[in-house]
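Some notes on the structure that comes next.
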């Protein structure tokens, strides 16, 4: 029910001859189902999730990627698909995708928080490795080394000239040569920061281990095998409705786009566009331990933006240059979500009984830092969204 | 030794006929000395510093204001003044000004920190007064009420639509009517925030009380009477050098301007111009308890900007419309200093032995919040400085 029409669809789409019908949807779903099965095979070959092998991590990511695209398309193009089948497979794929995502999420959260602790301690410039002192640092070093390098997890949107490198993927400064066994530099952390890091590591590693077990259990369950069988069927035959072959997909894609535009219009973008608006930390010390209610609309836009992207992929299968346009906006919202969850994890850790005041202080600084990351992500989203619209005015 | 010439001086200055000589300086110094004596009289009449009476606070501010202008002018236009006399009175005026400033600084710092704690607790919207619970809140309320309202102390530069009002000067929402005895709303502070507020209040009130005693002592000292006598003499006769009557002041003012331009050029303005650069908090958890070394160049620019302003006042006595241009830059740097000192006070309070983890956590959040205020102030300075230069290009 948007009052204004936000034309986010690539104008080039209108130029393709004729309507895009159910056959395009079927082709897309078959391709994604094939992708899912390929990832599943790779996943089994590399020995299950979270064993630290890069292949397995990639496979899990590919599994989630195709699962998200299938569920997203089933949602947007619901009228073209057999309703019973669709209602049955959608929650199952969402369950699978969510279960597989958790382990990676805890891992990424820990990495984000440890990187922030390093940055907040002024350990921005990678120096020659210093000898680690204390069991905590040694433990942390070992754990960090066993973790695969996810360079994409570092906060990427902020133009921070002295941004801390990720502990696992710190580029060696020129001239120092490779240090293959160099542990992350924790020599100059305060006691509070080191203890906060150790506490977060303990809590998030525990959560990750649990998520790992849950994922392993899920992948061995009959529930999972039922989903896999359904996707295998989907790879060969898509249960379209009778009229799907002549139904135009574009109004449904436009509706998804409008839902996105409505949700974006409801965001406090004017505030977000003023840097340092101090909004994201407004409830930083609120007695309410629930997630910040102000984050919810942004999370919702993140999901709707993803649905819009997938809906567009169906329309422009193979020819998707315009997808690049939505990418930075989506990345900003991913960063928003990651920072919000990391901030909550820091606040949660600070509620651990019997921690030292110095630990709690460091966690407070860390929480505020991540909430400012949340605010920075909103600013980044506002910028690329407005820029996007401004640039598109002359072409429409 | 600036390589480029930053023409900050009002072009109108060049249009005034003839050189500005020592007589202008003498007139300025006489006027400031008279101002000083007037403020001193008012101060004695209103009963000494910091007794809570608005008149006394104003008088102390006026005293410092004229003392700063006299010392600043003596510094910039040194060659025109009797060297012995100048070297003697300058440190004495600086001592007086510094001694009088301390009490107000502690008061403003406490107010800034308590306001921030309110904001961080989500107590942004002034509601109907809630009953206060606990001795802490009651104590705090009483202390706050006894403090005069300094509306100018609230962070003013940030475009925060939901910015918290100062506890003492909260505008009543329309329709609720006046609440002359309404205590500040602390009903929804967490235990940690309330305890952090009480701790800061205790520590900064103690510091303020000590500063008050020191100021009282200073004003009764023979050292003070010697300064007052010197200023009284200055009000009638300025000890100029023999050649001062024919010496042009403008090269000396230009030199002060150049020192400012050089110091600004050394600032990391490119970084500061990128919002959310996360620079100001880089040493937020550093083991070094010293003030952030990165702040020093900004504090230096703040002083040089002030000297430049005073140097200009001497040149354009009475006709100073261009002063308005430098005002926002100076305000941003004042805010930078205030936030930096408030952040340090929060960090200092967190080192108090035997505090609860929740208190330390709140102080950590508060510290990070104030360091982000520091970063926001740098951004604000960069913006008005660049804007200033851009707008001036067509006129030069």
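Brief remarks follow.
- Distance from the alpha carbon centroid of the stretch B:348-377 to that of the stretch A:191-255 works out to 40 angstrom.
- Efficiency of FRET between residue B:296 and residue A:217 - r from beta-carbon atoms, R0 51 angstrom, step 0.05: 0.35
- For the pair residue B:191 and residue B:386, a Förster radius of 51 Å applied to the C-beta separation gives a FRET efficiency near 0.70, rounded to the nearest 0.05.
- Here is how far apart the residue A:213 label points are across copies: 6.1 nm, shortest first, using a point 7 Å from Cα toward Cβ.
- Per the Cα gyration tensor, the stretch A:238-380 maps to an equivalent ellipsoid with semi-axes of 39, 16, 13 Å, ordered largest to smallest.
- Other-copy label distances relative to residue B:243, 7 angstrom Cα-Cβ extension, nm: 9.9
- Most to least packed among A:96-108, A:304-316 [average Cβ atoms within 10 Å]: A:304-316, A:96-108
- Extension gain, residue B:233 to residue B:83, is 52.4 nm, computed as 0.36 nm per intervening residue step minus the present C-alpha separation.
- Prolate/oblate/rounded label for the stretch B:73-119 (Cα gyration tensor, a/c 1.5): prolate
- For the pair residue A:327 and residue B:209, label points projected 7 Å from Cα toward Cβ lie 6.3 nm apart.
- Other protein chain C-beta atoms within 10 Å of residue C-beta, averaged over A:110-122: 3.
- Cβ-Cβ distance of residue A:254 and residue B:255, R₀ of 56 Å, FRET efficiency by 1/(1 + (r/R0)^6): the value works out to about 0.25.
- Distances between equivalent label points of residue B:266 across the copies, with each point positioned 7 Å along Cα→Cβ, amount to 5.3 nm, shortest listed first.
- The stretch between residue A:352 and residue A:58 holds 102.4 nm of extra length on full extension. This uses 0.36 nm per residue minus the Cα-Cα distance.
None of the figures in this text is laboratory data; all of them are computed from the coordinates on show. This is a predicted model, so every value here is computed, not measured. Methodologically, a virtual Cβ is constructed for each residue, glycine included, from the backbone with ideal geometry; neighbour enumeration extends over all protein chains shown.
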